[in-house]
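Q: I am attaching a structure below and will ask some questions about it afterwards.
Derivation of every value follows stated rules applied to the coordinates shown; laboratory data play no part. Because the structure is predicted, anything quoted here is derived from the model rather than measured. All Cβ positions, glycine included, derive from the backbone under ideal geometry; neighbour counts span all protein chains shown.
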Amino acid sequence: MANSYDLDFTYTTIDKIFRLSMGESGDYSGAKYDGDFSMPLEKAQKAKHKFIADSLNIKKGSKVLDMACGWAPFTKYITQERGATSIGLTLSSGQAKACQKNGMNVIVKDCRYLTPEDFGTFDAITCIGGLEHFCSVEEWKDGKQERVYRNFFKTLSDLLPVGGRYYMQTMTFSKNMLDHKDIDINAERGSASHVLALMMKEFPGSWLPDSPEMVINCATPHFKLISQSSGRLDYIETIKQWRKKFRKFNFKKYLLYLSLLPKYLTNKEFRHQVAVFKISPNKVCFEQEIMDHYRLVFEKIQ
Ligand SMILES: C[S@@+](CC[C@H](N)C(=O)[O-])C[C@H]1O[C@@H](n2cnc3c(N)ncnc32)[C@H](O)[C@@H]1O
């Protein structure tokens, strides 16, 4: 799995730049456009929040666990607009600090090992864009990926009553995924081999499920599937909007970009890591159907 060092690298490094671009509680996961790509990103993110809260029957007084909460956009929505109570968990210290400064109940804690002894049980749980980080390449190579997901669903099951609902969205690999040995940072720029290698540098410690079925099978002993939909096209639009916002001029933000220049010039590994500012590996992977993206709603059965 990606550990707190990996996740600090991915999320704390960009903390200030992200908040200056997307707002203090911006979403860092695919939005929900429902086919209307003329919608502003903020509205599409709000549509996602509403869909999730409705799917999980979140209302005034509901106690909700927001796993892998990022800068806590969903925590903010359900506490401020639905009157729910919420705890958000992240492994990025920068995110947690920013959320706490903004009055959000967020702590640094590994959600995969939460037990009812920590904060009791919950009426509903979300994990929006977190599962991507739960299995490392090494665990996948060792044949442990399904075990990682099965253990995670057991954790969820212990935290929910029968009838309690869980929402997740996750990237998955798709029909055009390459053989692992063909992933190569020196391959032709923009090729599948190259963009997959860039993704692995941007998200160290992270390997995706093969398909939604893999996740659903791992949930089966404890959960039934309520709904499933692909958010691949929505994610492509989300990334387009993010890229515009990351580029939009802001004095403080451009100073931060500038402060990274010496490292950029002297550190080859860092140049690979920030190549994502020139090319979006995720977007190319979605466009070429190397990757897909799924929204899954589950209900605990036993
Ligand atoms: C792509 S962001 C999604 C953030 C947020 N859910 C959103 O939609 O904006 C992934 C988040 O997963 C968190 N994360 C990854 N693995 C985790 C773990 N084992 N425990 C808690 N948080 C984790 C990261 O710290 C980061 O906040």
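Q: Can you pull the one-decimal nm distance between simple spin-label points at ASP118 and SER211, each 7 Å off the Cα toward Cβ?
A: My value for the distance between the label points is 3.2 nm.
Q: Something else now. Given contacts defined as C-alpha pairs under 8 Å and at least six residues apart, what's the relative contact order of the chain, whole-number percent?
A: On the way: 534 pairs, mean separation 70.6, N = 302.
In percent, rounded to a whole number, it is 23.
Q: Looking at PHE173, ALA187, PRO161, which one has the Cα that reaches farthest to the positive end of the dipole of segment 143-196 (charges on Cβ: Lys, Arg +1; Asp, Glu -1)?
A: In segment 143-196, that residue is PRO161.
Q: Now for a separate question. Can you give the convex hull volume per residue for the Cα atoms of the chain, as a whole number of Å³?
A: Numbers: hull volume 38.3 nm³, N = 302.
Here the figure is 127 Å³ per residue.
Q: Let me ask another. Nearest 0.05, what FRET efficiency do ARG189 and LYS224 give at R0 = 45 Å with Cβ-Cβ as r?
A: Working: r = 45 Å, r/R0 = 0.99.
The pair ARG189/LYS224 has a calculated efficiency of 0.50.
Q: Can you show me the helix-derived [θ] at 222 nm for the chain, built from DSSP H runs with n ≥ 4 at -39,500 (n - 2.57) apiece and divided by the number of residues, rounded to the nearest 500.
A: On the way: 15 runs with 134 residues, N = 302.
Calculated at 222 nm, the ellipticity per residue is -12500 deg cm²/dmol.
Q: Starting from segment 144-205, pick out the GluC sites (Glu not before Pro) whose DSSP state is loop and whose Cβ has at most 13 other Cβ atoms within 10 Å. Spell out each step's value before the answer.
A: On the way: sites: GLU146, GLU188, GLU202; in loops: GLU188.
The qualifying sites are GLU188.
Q: Among the listed pairs LYS97/LYS244; LYS48/LYS283; LYS76/LYS101; LYS252/LYS283; LYS32/LYS283, give every one whose C-alpha distance is greater than 24 Å.
A: Details: LYS97/LYS244 26 Å; LYS48/LYS283 19 Å; LYS76/LYS101 13 Å; LYS252/LYS283 27 Å; LYS32/LYS283 16 Å.
As for pairs spanning more than 24 Å Cα to Cα, those are LYS97/LYS244; LYS252/LYS283.
Q: Using the Karplus curve 6.51 cos²θ - 1.76 cosθ + 1.60 with θ = phi - 60°, work out ³J(HN,Hα) for each residue of segment 61-71 in order, rounded to whole Hz, and write x for Gly and Pro.
A: Listing the rounded values in order: x, 4, 9, 10, 9, 9, 6, 6, 7, x, 8 Hz.
Q: Select from SER29, VAL148, GLY205 the residue farthest towards the positive end of the dipole of the chain; place +1 on Cβ of Lys and Arg, -1 on Cβ of Asp and Glu, and compute about the Cα centre.
A: Going by the charge dipole, the pick is SER29.
Q: Please turn the phi angles of segment 198-211 into ³J(HN,Hα) values with the Karplus equation 6.51 cos²θ - 1.76 cosθ + 1.60 (θ = phi - 60°), one per residue in order, whole Hz, x for glycine and proline.
A: 5, 4, 5, 6, 6, 10, x, x, 10, 9, 8, x, 4, 6
Q: Could you size up the charge dipole of segment 1-133 around its Cα centre, putting +1 on the beta carbon of Lys and Arg and -1 on that of Asp and Glu, and report it in debye to the nearest 20? Please report the intermediate quantities before stating the final value.
A: On the way: 16 positive and 16 negative charges, 86 e Å.
Charge dipole, segment 1-133, about its Cα centre: 420 debye, nearest 20.
Q: Quick one: dipole size for the chain, taken about the Cα centre, charges +1 on Lys/Arg Cβ and -1 on Asp/Glu Cβ, in debye to the nearest 20. Don't skip to the end; give the middle numbers.
A: Details: 43 positive and 35 negative charges, 240 e Å.
With only Lys, Arg, Asp and Glu charged at Cβ, the dipole is about 1160 debye.
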